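Laboratory data are not the source of any read-out in this text; all were calculated from the coordinates shown. In this text, all values refer to a predicted model and were calculated from it rather than measured experimentally. Methodologically, a virtual Cβ is constructed for each residue, glycine included, from the backbone with ideal geometry; neighbour enumeration extends over all protein chains shown.
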Amino acid sequence: MVISIASGKGGTGKTTVATNLALSIGSNVQLLDCDVEQPNAHLFLHPVFERTDTVTTPVPEIEMDRCTLCGKCGAICEFKAIVVVAQTVLSFDELCHSCGGCMAVCPEGAITEKGRKLGVLQKGHHNGIEFIHGKLRVGEAMSPPLIKEVLSYRDPAKLTIVDAPPGTSCPVIETMKPADFVLLVTEPTPFGLNDLKLAVGATKILEIPCGLVINRSDMGDEKVKAYAADQNLPILMEIPFDRRIAEAYSRGDMIVDVMPEWKAKFFGLYQEIKTLAER
Ligand code: SF4
Ligand code: SF4
């Protein structure tokens, strides 16, 4: 089973839920941190890394001695990442989406592939949890290919928990697509509700069952709960504001380590998700 943990809005406690859930289930679990622009699950889980791989994406390289300046490569490129200018062909690696179109249409076979670095992928473990995350190169705009690479480590023999990026754009959709269940972490504020509605909309389009965790549930207003009732969304957990949780977070500690009574609550959350996903 794949559980994607998402939140329309950043800073709602998505990573806290993902890491504590993984630790509470314990064995036969993998945690994939797909928030590649700002991965931080490792700061709480403290995995031992055993591998670091560079991840690249193919971009065109032009052999000008074979090129006849026919212009077919520039004509097919939707992103203006390759253009014929005067007596040469220019390619702009940062704009290229690696679709391969220019290479396919070049009649002279003058375009080959070279790799453009997207970032790194690191693989490690902690207490029996397999941990994988991607770190996008600073300045890199395209995160979905690196997210796909992290997701390719899904092991069907294990429970996979995916820590999704915040928001509702392409990177989040990429991390929701393989999910059997999407757990949305939100907070009871107007911003939280607004972004929750967008995230719920995405799960409806993808037709994936979802449920809510309300963080800092005793602050803010009741509108998130009213929305959940209206939309028939199960509220699977409420985490009240607690100074001990905030302090643990700021130290990089796990809730279940400093307040062991939460371990059973997170395990119960997993069992509820399992029941809902199977249904
Ligand atoms: S691979 Fe696709 S996106 Fe990149 S330059 Fe060629 S046609 Fe454009
Ligand atoms: S399609 Fe090939 S031959 Fe034509 S301009 Fe581009 S690189 Fe040159």
So, counting K/R as plus one and D/E as minus one, what does the shell of residues with Cβ under 12 Å around A199 add up to? +3
If you fit an axis through the alpha-carbon atoms of helix 14-25 and take the longest principal axis of the Cα set of the chain, what angle between them do you get, 0 to 90°, nearest 10? 70
How big is segment 124-255 along each principal axis, measuring the range of its Cα positions in Å and listing the largest first? 39, 38, 36
What distance in nm separates the two pseudo spin-label positions at K274 and S27, each 7 Å out from Cα along the beta-carbon direction? 1.3
Given labels modelled 7 Å from the Cα in the Cβ direction, how far is it in nm from M259 to K204? 3.3
Can you pull a Stokes-Einstein diffusion coefficient for segment 23-66 at 20 °C (1.002 mPa s), Rh from Kirkwood over Cα pairs, as a whole number of µm²/s? 148
Would you mind getting me the FRET efficiency between T52 and Q87? Use the beta-carbon distance for r and R0 = 35 Å, nearest 0.05. 0.25
Under 19 Å Cα-Cα from K14, which lysines qualify once same-chain neighbours fewer than 8 residues away are excluded? K135, K177, K197, K225, K263, K265, K274
Along segment 35-48, what does the Karplus equation 6.51 cos²θ - 1.76 cosθ + 1.60 (θ = phi - 60°) give for ³J(HN,Hα), rounded to whole Hz, x for Gly and Pro? 7, 5, 6, 8, x, 9, 4, 5, 5, 9, 7, 6, x, 8
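Provide the gained length on full extension for the span D65 to V105, in nm with one decimal, where the gain is 0.36 nm per separating residue minus the Cα-Cα distance.
12.7 nm
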Read phi for every residue in segment 146-160 and hand back ³J(HN,Hα) as whole Hz from Karplus 6.51 cos²θ - 1.76 cosθ + 1.60, θ = phi - 60°, with x for Gly and Pro. 6, 4, 4, 5, 5, 5, 5, 8, 4, 10, x, 7, 10, 7, 10
Working out 0.36 nm times the residue gap between F267 and K117, then minus their Cα-Cα distance, what length gain in nm do you get to one decimal? 50.1 nm
Can you tell me which of F241, F79, F267 moves the most in a GNM of the chain? Springs connect C-alpha atoms under 10 Å apart. F79
